[in-house]
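One structure is given here, and the rest of the page talks about it.
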Amino acid sequence: MSPHVTFVVRSRDNAPTGLVAAVGHTRDLLPEEIGTAVHATTVTETMASLIKDLGVQTSDVQLALVKCPLLTSAKLGAIRAAGKDPLTSDTYESMALSRYASAIGIASALSELANETDVASALTTKQAWSAKASCSSGAELEDNHIFVLATDPSVDASNARLRAASRPMNDAIDAEAVLSLLAQIKHAKGRVLQVFAKAEADPSGTIHGSRHTMNTDSDIHSTRHARAAVGGLLAGLTGDTQLYVSGGAEGQGAPGGGSLCVVYEVA
C-alpha cells in the first residue's frame, strides 16, 4: 500500500538472530516445461537443497518466496516451432500455471502433499496447496529464484531477537488468522517488521456465502481487487501500510485465501 523495500541481510559477525535464510535458483526451464511437473520438481529439488544447507527441518520453514517464469509470445512461438503444444496460449494464464507449479514444488519439499499425492497428480487435480509458499511470475527470468526464511533451531525460542510466525488465511477477510499471529507477537512484546501475504479472488465467486464481483469486473483485474482487499485488512489490523501483498495465490494457501507470514522483533 506504500512504496518500500524490505532488506534481508546477514547479522553483524553472523551472530544468531533467531532466523536463518537462504537463496538459490533452479536451472533454466525450457518454454514447454513452464507450469508442468518438471517445473514443480525443479523447485522441489532446489528447496530441498536450501533446507539442507540451512540445517533446518521442514517444520522450521516459515516462508518460501519464489519468482518464476511465464510464457511470452516468443516462448509460445518457440514451443510451436518445435512441434509441441503449450499448456496455454494465454500469457496471463501462464502466470497462474507457473505460480501453481512453483507452489506445488514447495509443498512437495515441505511434505505438505498427502502421502498418496505426487507432483503430477497435484497439478492435475489442483486441490493441493502449500501454507508457506508465496510465488509470483515475471517475464524477466527463465529459472525460478527461491528465498527461504526459517526459524533457527540452534537458538532458544525465548531468546530469539528476530522471529517469524506463519498461518494461512482461509479467505480474503480472514481477520482471525491475522489476529492470532498478532496476539502471539503481542504476548512476546514484539514489534512487527514485515508482513508477507498472498491474495486471490475466491474462484468459487463467493466469500462467506455472499457473491463477490472481483472475477467479473471488466475494468480491474481480480488480482488487483484481491490485493487491495487483503492489503486493507492487514494494514488496518497491523497499523502499517508498508506491507507485501502479492496477487495470484494459486496453490499458496487454500483456494480464495493465501499464505501469511509475519516477521517481528523482540527487544
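Filter the stretch 170-217 down to the residues that are basic (Lys, Arg) and in a helix (DSSP H, G or I) and list them by number.
Within the stretch 170-217, just LYS186 meets the criteria.
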Within the stretch 218-233, of all residues that are charged (D, E, K, R) and part of a helix (DSSP H, G or I), the one farthest from VAL245 (Cα to Cα) is ARG224
Among the residues of the stretch 50-88, count how many are within 18 Å of the chain's Cα centre (by Cα) and outside any loop (DSSP other than H, G, I, E, B). 14
Can GLN57 be described as surrounded by 15 or more Cβ atoms within 10 Å (Cβ to Cβ), of a type outside the set (Asp, Glu) and under 24 Å from ALA160 (Cα atoms)? no
Which of the following residues is in contact with a strand residue (DSSP E or B) (Cβ under 6 Å, 6 or more places away or on another chain) and either within 30 Å of ALA267 (Cα to Cα) or small (Gly, Ala, Ser) (or both): VAL61, VAL5, VAL9? VAL61
For the stretch 1-43, what are the residues that are in a helix (DSSP H, G or I) and without any contact (Cβ under 8 Å) to a residue 24 or more places away in the chain? ARG12, ASP13, ASN14, GLU33, VAL38
Scanning for something modelled with pLDDT of 95 or more, in contact with a helix residue (DSSP H, G or I) (Cβ under 7 Å, 6 or more places away or on another chain), in the same structural domain as GLN242 (by TED's automatic domain parsing) and under 18 Å from THR151 (Cα atoms), does the stretch 171-179 turn up at least one residue? no
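For (1) at pLDDT 95 or above; (2) within 17 Å of ALA199 (Cα to Cα), each residue gets a yes or a no:
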site	(1), (2)
THR88	yes, no
ALA96	yes, yes
SER102	yes, yes
SER121	no, no
THR124	no, no
Please determine, by comparing only the residues of the stretch 127-166 that are charged (D, E, K, R) and either farther than 14 Å from GLY35 by Cα or free of Cβ contacts under 8 Å to residues at least 60 places away in the same chain (or both), which one is surrounded by the fewest Cβ atoms within 10 Å (Cβ to Cβ). GLU140
Name every residue in the stretch 98-126 that is closer than 24 Å to ARG224 by Cα and surrounded by fewer than 24 Cβ atoms within 10 Å (Cβ to Cβ), in order of residue number. LYS126
Taking the criterion of being touching a helix residue (DSSP H, G or I) at 6+ places or on another chain (Cβ under 8 Å), at pLDDT 95 or above and surrounded by fewer than 17 Cβ atoms within 10 Å (Cβ to Cβ), would at least one residue in the stretch 208-228 satisfy it? no
If SER246 satisfies all but one of (1) under 20 Å from the mean Cα position of the chain (by Cα); (2) of a type in the set (Gly, Ala, Ser); (3) assigned to a loop (DSSP other than H, G, I, E, B), what's the number of the condition it fails? (3)
Taking only pairs six or more apart or across chains, which ones have beta-carbon atoms under 6 Å, a first residue in the stretch 178-189 that is over 9 Å from ALA165 (Cβ atoms), and a second residue that is at pLDDT 95 or above and of a type in the set (A, V, I, L, M)? VAL178/LEU237; ALA188/VAL266
Given (1) in contact with a helix residue (DSSP H, G or I) (Cβ under 7 Å, 6 or more places away or on another chain); (2) modelled with pLDDT under 95, SER11 misses just (1)
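Does SER158 qualify as being modelled with pLDDT under 95, of a type in the set (Gly, Ala, Ser) and either in contact with a Gly (Cβ under 8 Å, 6 or more places away or on another chain) or part of a loop (DSSP other than H, G, I, E, B) (or both)? Steps first, answer last, please.
Numbers: modelled with pLDDT under 95: yes; of a type in the set (Gly, Ala, Ser): yes; either in contact with a Gly (Cβ under 8 Å, 6 or more places away or on another chain) or part of a loop (DSSP other than H, G, I, E, B) (or both): no.
It is false that SER158 is modelled with pLDDT under 95, of a type in the set (Gly, Ala, Ser) and either in contact with a Gly (Cβ under 8 Å, 6 or more places away or on another chain) or part of a loop (DSSP other than H, G, I, E, B) (or both).
The values are calculated or read from the model by the stated rules, or taken from the named source; none is laboratory data. Predicted model only: the values in this text are computed from it and were never measured. Heads up, the Cβs are rebuilt from the backbone with ideal geometry, glycines too, and the neighbour counts pull from every protein chain shown.
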